[in-house]
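Colleague: Take a look at this one; I'll ask things after.
The values are calculated or read from the model by the stated rules, or taken from the named source; none is laboratory data. Bear in mind the structure is a predicted one, so any value in this text is a computation, not a measurement. Note that each Cβ is placed from the backbone with ideal geometry, even for glycine, and that neighbours are counted across all protein chains shown.
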Amino acid sequence: MTDEPDARDDALGRLLRQHLDAGDDDALAARIAARARATPQRPRADELLARWAPVGVAAAAALALAGAALTAAGLRERAATAALADVSRPAGVPRAVHDALTRAGGGGALLLPVLEDR
Amino acid sequence: MTDAELARRVALGDAAAFEELVGRHLGAARRAARLVAATAEDADDAVQEALLSVWRRAETFDGSRPFRPWFLRVVLNAVRALRRGPRGRTFEALDERVAATAPGPGHDAARAELRDALARALATLPDRARLAVTLYDAEGWSHREIATALGVPEGTVRSDVHHARRALRARLGAFAEGLA
């Protein structure tokens with residue numbers, strides 16, 4: 001046996017190998033190979049992408065359609081609100097004054113006819 | 001072909017490359033696993049699980065790094081998983097584990113005695129020291145490879161190898177003189 005820190009202790013190495021060798025590596029290797037053949041590998045990133053691409057496209061299309069529908073509904077609602085504001089605004093009251101009073105609270109709107117009378 | 005090239009092929013599903021990797025590393029992996037597993041059977045189970053993990057997940061290996069320290073870490077993790085596993089196997093003494101690896105017919109009494117002495121001597125060492133001295137002297141690994149595999153500095157590996165040799169020499173007594 002050797003005390004040299006970087007030298008190999010070949011005699012000890014041989015002894016350790018003899019003691020730890022289980023033998024019959026070929027049988028275990030064959031068993032592992034057989035199990036590997038029966039075990040699917042984890043799919044790679046590109047395979048996963050290819051597998052999920054149609055689903056992704058469909059989801060994106062659905063999201064786009066939903067977004068478009070919501071946008072259209074929002075536009076319609078805004079148009080209806082604007083039209084209603086025009087109808088409810090007393091004649092002669094400027095839109096800016098009407099909007100400011102409406103934002104300030106319901107009481108402001110109630111005062112509009114009074115303002116109009118003046 | 002290098003281990004890294006084989007591992008890259010394994011990641012692409014090349015079964016022949018996998019079998020080549022198995023052939024290259026099975027023996028050393030089994031010997032290392034036997035140093036730390038509860039039983040010889042557990043050691044082989046751990047090596048098998050580790051190799052199947054390589055087959056399933058070879059793409060997780062960084063080809064710019066050496067393969068065998070990475071693989072030994074996978075093996076040691078598999079051994080630890082078995083120790084924690086639901087089967088709750090008892091941990092038999094190392095000398096029993098090593099003695100269970102029958103050397104085959106024709107061995108004489110002196111060899112058997114030497115084998116038993118070495119088994120008892122190894123059993124007195126911590127797992128890390130057993131691995132370090134075996135990987136260095138029996139498997140021919142570099143200190144750096146062992147340090148990477150065990151997750152310790154190279155200086156620690158050198159120290160472990162040195163102390164393990166001294167302990168083995170002291171325990172083997174008369175047998176050690178025959179080894180000199």
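Colleague: Of A:23, A:92, which residue is in a loop (DSSP other than H, G, I, E, B), modelled with pLDDT of 70 or more and closer than 30 Å to residue B:121 by Cα? Spell out the reasoning first.
Modeller: Numbers: A:92 fails: closer than 30 Å to residue B:121 by Cα.
The conditions single out A:23.
Colleague: Could you pull out the residue among B:75, B:47, B:79 that is farther than 18 Å from residue B:8 by Cβ, touching a Lys or Arg at 6+ places or on another chain (Cβ under 6 Å), β-branched (Val, Ile, Thr) and buried (at least 16 other Cβ atoms within 10 Å of the Cβ)?
Modeller: The unique qualifying residue is B:47.
Colleague: Additional query: Being over 23 Å from residue B:138 (Cα atoms) and either among the acidic types (Asp, Glu) or more than 7 Å from chain A (Cβ to nearest Cβ) (or both) is the filter here, so list the residues in segment B:12-26 that pass it.
Modeller: Within segment B:12-26, B:12, B:14, B:16, B:17, B:19 meet the criteria.
Colleague: Separate question: Considering segment B:23-53 alone, what residues qualify as being among the charged types (D, E, K, R) and without any contact (Cβ under 8 Å) to a residue 24 or more places away in the chain?
Modeller: Keep residues of segment B:23-53 that are among the charged types (D, E, K, R), which gives B:24, B:30-31, B:34, B:41-42, B:44-45, B:49.
Result: B:24, B:30, B:41, B:44.
Colleague: Follow-up. Answer yes or no as to whether residue A:29 is modelled with pLDDT of 90 or more, in contact with a Gly (Cβ under 7 Å, 6 or more places away or on another chain) and facing chain B (nearest Cβ under 9 Å). Break it down stepwise before answering.
Modeller: Working: modelled with pLDDT of 90 or more: yes; in contact with a Gly (Cβ under 7 Å, 6 or more places away or on another chain): yes; facing chain B (nearest Cβ under 9 Å): yes.
Taking the combined requirement at face value, the residue satisfies it.
Colleague: Among B:58, B:37, B:29, which is within 12 Å of another protein chain (Cβ to nearest Cβ), crowded, with 22+ Cβ neighbours inside 10 Å and modelled with pLDDT of 95 or more? Lay out the reasoning, then the answer.
Modeller: Working: B:58 fails: modelled with pLDDT of 95 or more; B:37 fails: modelled with pLDDT of 95 or more.
Result of the check over B:58, B:37, B:29: B:29.
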